[in-house]
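*Asks:* Here it is: the structure, laid out below.
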Amino acid sequence: MKLAIDVIKERIEEKKLFKRNRKSIEVKILAGLLYYLGLSLRKTSLFLSQFESISHESVRVYYHKIKEVLNEPKRSVRNPIAIDETKLKFGDKTIYVWSAIDVESKECLGVYISETRNYLDTILFVRGILKFCSNKPKILVDGGRWYPWALQKLGLKFERVRFGLRNCVESFFSLLKRRTKAFFNRFPNNSKFDTVISWIKSFMMFYNWILSIT
């Protein structure tokens, strides 16, 4: 479903998403969107300050908060779903970002962030995306050894696919990496893990919103 800016504005007002309302809601939405699209916090702040004074810290807050009024995926019949994971840096640690993409709609059904990559992570991740499926979808995976046992445990059929139908999940990660390249694919040492999770979840929600209106 297409989600117009006026609907997002109405939801923000109803939910009283922001404690302070000295800035227009349209500017807050635009700030989050410009940051998602690739501008840095400071460049977004500088650009929007041509119209209304806004700090780079405010841009960060808007990006994290606006996801609360964007549409979650709807529960529906889905087949197949492509899943994969990629690596990012969190300070000096490696973290894994998992994603599931509906092959037909290209919608991202969920992201999951972990410090390990094993059978348990696979089960936790896939269970999270199944709540958006009214059926038991076929899962497309690569050669990761952590997939077969976990998917069989969940009663799901799967197929190993290197390219083709799995390109949609690779495209999602390409967009994500293009965005995180601005900070060298590394979240700073002083970031909290919850903040990293929120940042990636916001990216997913903005991704789905843009997908729904294009």
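Nothing in this text is a laboratory measurement; each read-out follows from the coordinates by a stated rule. It should be emphasised that the depicted structure is a prediction, and the values quoted were computed from it without experimental measurement. Glycine also receives a Cβ, built like all others from the backbone with ideal geometry; neighbour counts cover every protein chain displayed.
*Asks:* Once label points are set 7 Å from the Cα along Cα→Cβ at both F163 and K87, what is their separation, rounded to one decimal in nm?
*Replies:* 2.4 nm
*Asks:* Can you tell me the dipole magnitude for the range 5-69 around its Cα centre, using point charges on the Cβ only (Lys, Arg +1; Asp, Glu -1), in Debye to the nearest 20? Walk me through the numbers before you get to the answer.
*Replies:* Numbers: 14 positive and 8 negative charges, 59 e Å.
Approximately 280 debye in magnitude.
*Asks:* If you fit an axis through the alpha-carbon atoms of helix 56-65 and take the longest principal axis of the Cα set of the chain, what angle between them do you get, 0 to 90°, nearest 10?
*Replies:* Relative to the chain, helix 56-65 is tipped by roughly 50 degrees.
*Asks:* If amide hydrogens are placed 1.01 Å from N in the peptide plane, which non-local residues have theirs closer than 5 Å to the one on L109?
*Replies:* A100, I101, D102
*Asks:* Take the chain, connect every pair of alpha-carbon atoms lying under 10 Å apart with a spring to form a Gaussian network, then pick out the residue of F163, F132, F173 with the largest mean-square fluctuation.
*Replies:* Of F163, F132, F173, the most mobile in the Gaussian network model is F163.
*Asks:* Below 8 Å between Cα atoms, with a sequence gap of 6+, how large is the relative contact order for the range 81-190 in percent? Don't skip to the answer; put the middle values down first.
*Replies:* Values: 167 pairs, mean separation 33.4, N = 110.
The normalised contact order for the range 81-190 reaches 30 percent.
*Asks:* Right, another one. Note down the magnitude of the dipole of the chain about its Cα centre, charges +1 on Lys and Arg C-beta and -1 on Asp and Glu C-beta and zero elsewhere, to the nearest 20 debye. The partial results should precede the final answer.
*Replies:* On the way: 40 positive and 21 negative charges, 53 e Å.
Taking the Cα centre of the chain as origin, the dipole is about 260 debye.
*Asks:* Just grab the label-to-label distance for R178 and Q50, each label 7 Å out from Cα along the Cβ direction, in nm (one decimal).
*Replies:* It works out to 2.2 nm between the two label points.
*Asks:* Related question: Using only Cα atoms and rounding to the nearest 10 degrees, what angle (0 to 90) does helix 193-213 make with the longest principal axis of the chain?
*Replies:* Rounded to the nearest ten degrees, it is 90.
*Asks:* Here's a follow-up. What's the center-to-center distance, using Cα atoms, between the range 198-214 and the range 24-91 in Å?
*Replies:* Their Cα centres are 7 Å away from one another.
*Asks:* Ok, one more. Take the Cα atoms of the chain, build their convex hull, and give its volume per residue in Å³.
*Replies:* Working: hull volume 26.7 nm³, N = 214.
That works out to 125 Å³ per residue.
*Asks:* Could you give the nm distance between label points at N71 and Y119, where each point is 7 Å from its Cα heading toward the beta carbon?
*Replies:* It is 3.8 nm.
*Asks:* Add -39500 (n - 2.57) for each DSSP H run of 4 or more in the chain, then divide by its residues: what number comes out at 222 nm, to the nearest 500 deg cm²/dmol?
*Replies:* Details: 8 runs with 95 residues, N = 214.
Value at 222 nm, helices only, nearest 500: -13500 deg cm²/dmol.
*Asks:* A follow-up question, please. At 0.36 nm per residue, minus the direct Cα-Cα distance, what do K43 and I197 gain on full extension? Give it in nm, one decimal, please. Show your work: numbers first, answer last.
*Replies:* Values: separation 154, 0.36 × 154 = 55.44 nm, distance 2.32 nm.
Full-extension gain reported as 53.1 nm.
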